[in-house]
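Taken together, the values in this text are just the output of simple stated rules run on the coordinates, not laboratory data. As the structure is a prediction and not an experimental result, all values here were calculated from the model. Cβ placement follows ideal geometry from the backbone for every residue including glycine, while neighbour counts extend to all protein chains displayed.
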Amino acid sequence: MIWPLLTLVLLTPLTVEDAAASYTISLDDAAQHRVTIEAVYPAPEATTLELWMPVWTPGSYKIRDYSRHIEDLHAFDAAGEALTIHRPSKNRWIVETQGTGDVTVRYRLYCRILSVRTNFIEAGSGFLNGAATFLLPRGKNGPFDISFDLASQMKQVVTSLPETTPDHWRARDIDHLCDSPILLGNPEIRDFVVDSVPHSLVNLGGEDLWDSDACAEDVQKICEELVRFWGQIPYSSYQYLNVIAEGGGGLEHKDCALMLAGRWTWGDEDRRKGWYGLISHEQFHAWNGKRLRPEALGPFEYEQEVFTPDLWFVEGFTSYYDELIIARAGLIDQKHYLEGLGKQIKDIQKTPGRLVLPLSRASTDAWIRYYQRDENSVNSQISYYTKGAMVAWLLDARIRTATHHKFTLDDGMRLAFKRYSGEVGYSHDQLREVFEEVAGTDLSDWFQRFIDGTDELEYEEALETFGLRFEPDSLEQPKEPPKGWLGIEAGESGGRWSVTRVRRGTPAYLAGLNPGDELIGLDQFRLSASTWKQICRQYPPASEATLLVSRRGALVSLTVLFGEDPGDQWKIQPDPEASEEQVARRVQWLGQAGEKAQESPSEKAPESPKEANKESSGR
């Protein structure tokens, strides 16, 4: 189909002479989850114009192939005549320009993936990400101009891109274009200032279920704590783009963060605390990840994978500090923080893949592993987020101990930012040398064991440093007689109870149980999800039984040997025997959360197992 010349003339944007491309985005079809983009490219010097599209979004390390969402792509010369287009690869187009002046390309884009790395448009609102939206001219690195033909229901455009003239925005280069998401609709905006720098909380959606004023107050507390931590602000303004649309997740950018949240999050205290962590995590990236970054992460290569062994630092250390920052800001208490710390340790210790894949390899392999998990991932890999966070905690304790508590990991982070937040980034070795310098000791063996190797993490030094301990069994409620355990993880679907995954080392794994096996019977008993716990009470540890499963339609009998459920051995609590010095370290580490724990007797751990038993029995 040839688009009428009249339409082209009406929609052609006001271009700035030196723009490498000018884009006008029409939202008339927003209700159908589509936008129409008209791009004008200045007359190329050659007789062809090559266009290309990124295949991934920085911060989300997986090839996404955004070009699959393009529909009805056409090109025209300055007179409105159709031009021939060739497509030599999945994300490239060659336009035969015939040397007739500026080239206009028009295409429709389907936008209905509710994730922070893609595009989502519906009637009245939505958001766009640069990498998933724009066709770029080969050999040109900007600037790029953007304008909108808004649908009637959409009131406003919000983006960190500078507005050059009313309703026109400009990206200085490709990285800037891909690093500046665009939010569309009728958001509630709350502005605040920290250290003379303007910040904006932008809530889109929520249907009056979010208290934007209270929300902004808490976000400001997080921001102020982040600024206290780093000692400086590296941006001229910052936006929290919070899309309330029953989604989840966040993605960092230099001058903003795009986040998805559920409608019911603000009214649910636990979910709200989780959202605080998301805010803290994404804004922490404005320092660590976007400016303090590995050499490979910028300027970006958008057409292929970009490998770095240091995501354990970019994401893992950020994950360590996200909850710690909101604890220091007083938005969660000591009990909540320690519960989260214990859950992270439990997650690591119950993941057999921790003994298979080193952290540095998990970072490099993120492209093929982290975002493409399957039923065996728990046995073959480890999260560089979770284990990276625990390595940060252990390194924090190591630095404190090595320097007789004169320096902390915080000092290492600030020194790394001072040295390597410029245009080049840090090398693998430079990053580690910073922490060795702060610790005043050789950490090469430590890095080899816990980052480049698969040694079990050692928590004792960190527990000792902050006056903590793993909660002993004696403080728990009296246990039932031990029941048998196979470590089966299963789910019900279509009336069948089937294995979803089998963790390495469990009795189920040793017996040869497979993912996908339908669980039918144990000895002479019919199995179901509802009766499994009761059945296990009849099979104490060391009991042997015959498990009947259906494996791809064939009945298979397996001999299983029940073990004992290892339970949760990693709950953390303050050590009631901690010295005053240890308690003081914990208070200094946790900030307001630690101070409030000292003020509140209810936050203190029982003095002894006997006292704990008294409290639990009501005496």
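Projecting the Cα atoms of Trp52, Thr165, Ile113 onto the dipole axis of segment 5-185, where Lys and Arg carry +1 and Asp and Glu carry -1 at the beta carbon, places Ile113 farthest toward the positive end. Residues whose amide H falls under 5 Å from that of Leu468, counting only those 5 or more places apart or on a different chain, are Asp575, with hydrogens built in the peptide plane. Is the shape of segment 253-396 best called rounded, prolate or oblate, per the rule: a/c under 1.5 gives rounded, else a/b larger than b/c gives prolate, else oblate, with a ≥ b ≥ c the square roots of the Cα gyration tensor eigenvalues? Oblate, since a/c reaches 1.5 and b/c is not below a/b. Along its principal axes, segment 5-185 has C-alpha extents of 39, 35, 29 angstrom, given from the largest down. The angle between the Cα long axis of helix 334-349 and the main principal axis of the chain comes to about 90°, on a 0 to 90 degree scale. Applying both filters, DSSP loop and at most 15 other Cβ atoms within 10 Å, to the trypsin sites (Lys or Arg not before Pro) of segment 464-567 gives Lys479, Arg552. Using the Cβ of Ala327 as centre and a radius below 12 Å, the other residues enclosed give a net charge of 0, where K and R count +1 and D and E count -1. Considering only DSSP beta bridges where both residues belong to the chain, give the percentage that are antiparallel (nearest 5). DSSP beta bridges in the chain are roughly 80 percent antiparallel. With the gyration tensor restricted to C-alpha atoms of segment 484-564, the semi-axes of the equivalent ellipsoid amount to 18, 14, 12 Å, longest first.
Arranged from fewest to most other beta-carbon atoms within 10 Å of their beta carbon, Leu561, Leu395, Leu150, Leu357 become Leu561, Leu150, Leu357, Leu395.
Values of log10 I(q)/I(0) for segment 228-310 across q = 0.14, 0.15 Å⁻¹ run -0.59, -0.66, by the Debye formula with one identical scatterer at each alpha carbon and no solvent. Pairs exceeding a 18 Å alpha-carbon distance, out of Lys221/Lys418; Lys221/Lys346; Lys290/Lys343; Lys273/Lys343; Lys346/Lys387: Lys221/Lys418; Lys221/Lys346; Lys290/Lys343. For the pair segment 406-463 and segment 180-248, the centres of their Cα atoms are 31 angstrom apart. Applying a DSSP loop filter and a limit of 10 other Cβ atoms within 10 Å to the GluC sites (Glu not before Pro) in segment 29-76 leaves Glu45. Straight-line reach from Lys62: taking Cα to Cα under 14 Å and skipping same-chain neighbours fewer than 8 places apart, the aspartates and glutamates in range are Glu301, Glu303, Glu305, Asp365.
Restricting the GluC sites (Glu not before Pro) of segment 271-359 to loop positions (DSSP other than H, G, I, E, B) with no more than 16 neighbouring Cβ atoms within 10 Å leaves Glu295, Glu301, Glu303, Glu305. Summarising the amide proton neighbourhood of His405: residues at separation of 5 or more, or on other chains, whose placed amide H is nearer than 5 Å comprise an empty set.
Multiplying each eigenvalue of the alpha-carbon gyration tensor of segment 406-499 by 5 and taking the square root yields semi-axes of 42, 23, 13 Å, largest first, rounded to whole angstroms.
Would you please classify the overall shape of segment 132-243 from the alpha carbon gyration tensor, given that a ≥ b ≥ c denote the square roots of the eigenvalues, rounded means a/c under 1.5, and beyond that prolate means a/b larger than b/c while oblate covers the rest? The shape class here is oblate. With the helix formula -39500 (n - 2.57) applied to DSSP H stretches of n ≥ 4, the chain reaches a computed 222 nm mean residue ellipticity of -8500 deg cm²/dmol.
Measuring between their Cα centroids, segment 281-317 and segment 44-61 lie 21 Å from each other. Computed about the Cα centre, the dipole magnitude for segment 188-272 is approximately 320 debye when only Lys and Arg (+1) and Asp and Glu (-1) carry charge, each at its Cβ. Could you tell me which label, among [x] 1.16; [y] 1.10; [z] 1.05, carries the value of Cα Rg over 2.2 N^0.38 Å calculated for this structure? Entry [y].
Short-range pairs are left out: with C-alpha atoms under 8 Å and at least six residues apart, the relative contact order of the chain is 10 percent.
Considered as an equivalent ellipsoid built on the Cα gyration tensor, segment 188-272 has semi-axes of 23, 13, 12 Å, the largest given first.
Put simply, the convex hull of the Cα atoms in segment 131-173 casts, on average, a shadow of 3.7 nm².
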